[in-house]
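Heads up: the structure comes next, in structure tokens.
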Amino acid sequence: MELGFSFFFTNIMLGVGLAMDAFSVSLANGLNEPCMKRPKMAGIAGIFAVFQGLMPMIGWICVHTIVQYFHAFEKLIPWIALALLCWIGGKMLWDSIKGEETTCEERAVGLKLLMVQGVATSIDALSVGFTIAEYNFASALLAVLLIAVVTFGICYAGLAIGRKAGTRLAGKAGILGGVILILIGIEIFVTGIF
């Protein structure tokens, strides 16, 4: 595989496409926690970047080793993403509708929830392993690093936009964030099934 302009352009655009779900979830997280500090924003964007880079690499490995098992799992991807995102979004919605005043610390997204979000938004990226299957290991690794870097930038921007909007929307931000997560889950499900 030649590492020319086409390689970099294709994989950067692939990163942009894959990062859109993670961007939306980042936006929702920023809305939910408007007083989030920059180091935490970088950490959250980093988690999404790792998952978005890791999943295509796992897909690439599956193609080169256990492809017959991966095909059976591929049908479950939309269902898993729908369940995880609807659960997270529903919880966020429920907490916001209850209307109890909460501090930023209480509204903070924890590591466990971030891991679930990371899996939910990147699980569909497993199939990207088929797209990069013709790459050798070094090229595949470079491709997923490009995807991860692009995802980091896009998610950091989503968190910043959500955080800014969250301070303006005050009590309604959690409701909006929950609705966004549920809609993302439905979108992944619908596009994965049809």
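With θ taken as phi - 60° and the Karplus curve 6.51 cos²θ - 1.76 cosθ + 1.60 applied, the whole-hertz 3J(HN,Hα) list for segment 25-39 is 5, 4, 4, 5, 5, x, 4, 6, 10, x, 9, 4, 7, 4, x Hz, x standing for glycine and proline.
Each residue of segment 113-118 is assigned a 3J(HN,Hα), and the resulting list reads 5, 5, 5, 5, 4, x Hz, derived from the Karplus form 6.51 cos²θ - 1.76 cosθ + 1.60 (θ = phi - 60°), x at Gly and Pro.
From least to most packed, judged by other beta carbons within 10 angstrom and beginning with the fewest, 44, 193 follow the order 193, 44.
Cross-link partners of residue 112 among lysines, defined as those whose alpha carbon lies under 18 angstrom from its own and excluding same-chain residues fewer than eight positions apart: 40, 91. At full extension, residue 65 and residue 145 could sit 26.7 nm farther apart than now, given 0.36 nm per residue minus the alpha carbon distance. Taking 0.36 nm per residue of separation and subtracting the Cα-Cα distance, full extension of the segment from residue 42 to residue 87 would add 13.7 nm.
Highest mean packing comes first when the peptides 116-125, 130-139 are listed by Cβ atoms within 10 Å, giving 116-125, 130-139.
Read the figures in this text as sums done on the coordinates, not as results from a lab. Quick caveat: nothing in here was measured; it's all calculated off a predicted structure. All Cβ positions, glycine included, derive from the backbone under ideal geometry; neighbour counts span all protein chains shown.
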